[in-house]
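Input: a single structure, listed below in structure tokens.
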Amino acid sequence: MNIVLLSPHFPSHQYRYAEALQNHGVTVIGLADEPPHQLSEAQSQALSDYQYVPTMHSLDALTGACGQITANHGKIDRIESLNEYWLETEAHLRTDFNVPGVQLSGIERIKAKSAMKACFQANNIPCARGRVVNTFSEAEAFAAEVGFPLVLKPNVGVGASHTYRVDDAEALQRIWHENADHENILEEYIAGKICSYDGLTDREGNIVWQGAMIYSNGVMEVVNDDLHVYYYTLREIPEELERMGRQLVKAYDVRERLFHFEFFQSPESHDYIALEINMRPAGGPSLDMYNFSSNIDLYQEWGNVVATNRFGSSEAEPLYHCAYVGRKRNKDYALSHAQVMQRFGEHIVHVAEHPPLFRRAMGDYFYLIRVPLEQELLAIAEAIHGTP
């Protein structure tokens, strides 16, 4: 089995997917614009071969590289990146090389916010009212219909880039004209916590693993207001969240993939409102958090599914809550890093720095905290984020 893994060096944990496949004797060929000599030893050892291209943003270069891979290793069986940024690139290459998975014809359905909203509505899943607005007049008309506050964001985008809360007509005019160079969608603003339904499906679309998380702040607020964030895994998935998540897995025919579906939860009614679907793993160290919470290895389990269509773990029930607690160096915290480690070290399972690309949204560095009780976890997270 030959699998091409796009950008196996970034983020830093990506090589672990390659390791999982190698454990099954799969030939894993990395394809990226990182010079081979700059790969770490772990990254190099996880790959059977590596194809360098000067830029990942040239489809011609990537197509030529995949042609060379085919010449060297035979037919390509899978092309994966497990990264939101490269989903469309994956689809192009799969289509060109007749590889199973999401094809170019289906990419809009999983990338465009408007297409997601149409799927939510077709499946009777509550979602924010929204509309693609191609002119300022259309934006004004939607604002008059729905009222402020609103959210303006790219119809196709990654993370919270160019995503803004719009509180009044003056802000709408300013934000619209600052972002008129790309297609935008305007939505009603939904107040509430963001939560996720995450999982892994096999080749037939069966959910073989599932999990859920809750976030302290939305990414839009964190980025635009320079906040810090914590989020954590749940030991039990709320019944209604699981029902909606499973319904979307079926609607999108998710096969042989890790997925990450996001919802708002209303603070008053506690109802769930669909936000967006992501056909990739939850971001940052989230997979590690699930591993710590359940004592499993989801990198290996993904490899099991891709290579053999089997989920190997018989003990995947969460034994702990695991929290991500990010901190920013431009903030003054009551506890120093040394004090955090002294007070909570027995519960801290990992500490790491973020690369610059992620720091605005995720913090400069972070702690992963593991405890069985939710209230204890929240108390630790609040203490780490506490200011004088």
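Residue count for segment 313-342 satisfying the condition of being open to solvent by 60 Å² or more (accessible area, probe 1.4 Å) and among the small types (Gly, Ala, Ser): 2. Is it fair to say residue 306 is hydrophobic (A, V, I, L, M, F, W, C) and open to solvent by 30 Å² or more (accessible area, probe 1.4 Å)? When the stated conditions are applied, residue 306 does not pass them.
With the structure loaded, tell me whether residue 273 is open to solvent by less than 10 Å² (accessible area, probe 1.4 Å), more than 23 Å from residue 12 (Cβ to Cβ) and part of a strand (DSSP E or B) or whether it fails that test. Spelling it out, it is not the case that residue 273 is open to solvent by less than 10 Å² (accessible area, probe 1.4 Å), more than 23 Å from residue 12 (Cβ to Cβ) and part of a strand (DSSP E or B).
Cβ-Cβ distances below 7 Å connect the following pairs, each with a first residue in segment 276-290 that is within 18 Å of residue 205 (Cα to Cα), a second residue that is of a type in the set (Lys, Arg), and a separation of six or more residues or different chains: 279/257. Residue 13 falls short on exactly one of the conditions (1) assigned to a strand (DSSP E or B); (2) over 14 Å from residue 80 (Cβ atoms), and that condition is (1). Write out, first by first residue and then by second, each pair whose Cβ atoms fall under 8 Å of each other, whose residues are 6+ apart or on separate chains, and whose first residue, in segment 130-156, is part of a helix (DSSP H, G or I) while the second is open to solvent by 80 Å² or more (accessible area, probe 1.4 Å). Short answer, once both residue conditions are applied: 136/173; 136/177; 138/131; 142/131; 146/129. Name the residue that is least open to solvent (accessible area, probe 1.4 Å), counting only residues in segment 26-49 that are over 25 Å from the mean Cα position of the chain (by Cα) and farther than 18 Å from residue 256 by Cβ. Applying the filter and picking the extreme gives 35. Scanning segment 115-128 for residues that are surrounded by 14 or more Cβ atoms within 10 Å (Cβ to Cβ) and touching a residue at least 12 places away in the same chain (Cβ under 8 Å) returns 116, 117, 119, 120, 123, 125, 126, 127, 128. Residues in segment 74-103 that are under 18 Å from residue 307 (Cα atoms) and part of a loop (DSSP other than H, G, I, E, B): 74, 75, 76, 77, 81, 82, 99, 100, 101, 102. Just to be sure before I move on: is residue 109 in a helix (DSSP H, G or I) and modelled with pLDDT under 95 in the structure I sent? So residue 109 fits the description; yes.
Would you confirm, using the coordinates I've provided, whether residue 345 is surrounded by fewer than 16 Cβ atoms within 10 Å (Cβ to Cβ) and either small (Gly, Ala, Ser) or not in a helix (DSSP H, G or I) (or both)? Here the answer is yes, as residue 345 does meet what is asked. When segment 348-373 is filtered for residues that are touching a residue at least 40 places away in the same chain (Cβ under 8 Å), surrounded by fewer than 16 Cβ atoms within 10 Å (Cβ to Cβ) and not aliphatic (A, V, I, L, M), the ones remaining, listed by number, are 350, 355, 372.
May I ask you to verify whether residue 316 is modelled with pLDDT under 95 and either under 20 Å from residue 375 (Cα atoms) or not in a loop (DSSP other than H, G, I, E, B) (or both)? So residue 316 does not fit the description; no.
Residues considered: 385, 347, 337. Of these, the only one that is touching an Asp or Glu at 6+ places or on another chain (Cβ under 9 Å), under 27 Å from residue 12 (Cα atoms) and not hydrophobic (A, V, I, L, M, F, W, C) is 347.
Residue-level analysis places residue 85 outside the set of residues that are in contact with a Leu (Cβ under 7 Å, 6 or more places away or on another chain) and in contact (Cβ under 8 Å) with a residue 24 or more places away in the chain. Only one entry of 335, 357, 373 meets the criterion of being of a type in the set (A, V, I, L, M) and in contact with a Lys or Arg (Cβ under 8 Å, 6 or more places away or on another chain), and that entry is 335.
Residues that are of a type outside the set (Ser, Thr, Tyr), at pLDDT 95 or above and open to solvent by less than 30 Å² (accessible area, probe 1.4 Å) within segment 289-303 comprise 289, 291, 298, 301, 302, 303, listed in sequence order.
The values are calculated or read from the model by the stated rules, or taken from the named source; none is laboratory data. Keep in mind that this is a model prediction, so the values were computed, not measured. As a convention, Cβ positions derive from the backbone with ideal geometry for all residues, glycine included, and neighbour counts pool all protein chains shown. In case anyone asks, the SASA skips ligands and DNA or RNA and just uses the protein heavy atoms, side chains included. Shrake-Rupley method; radii C 1.70, N 1.55, O 1.52, S 1.80 Å.
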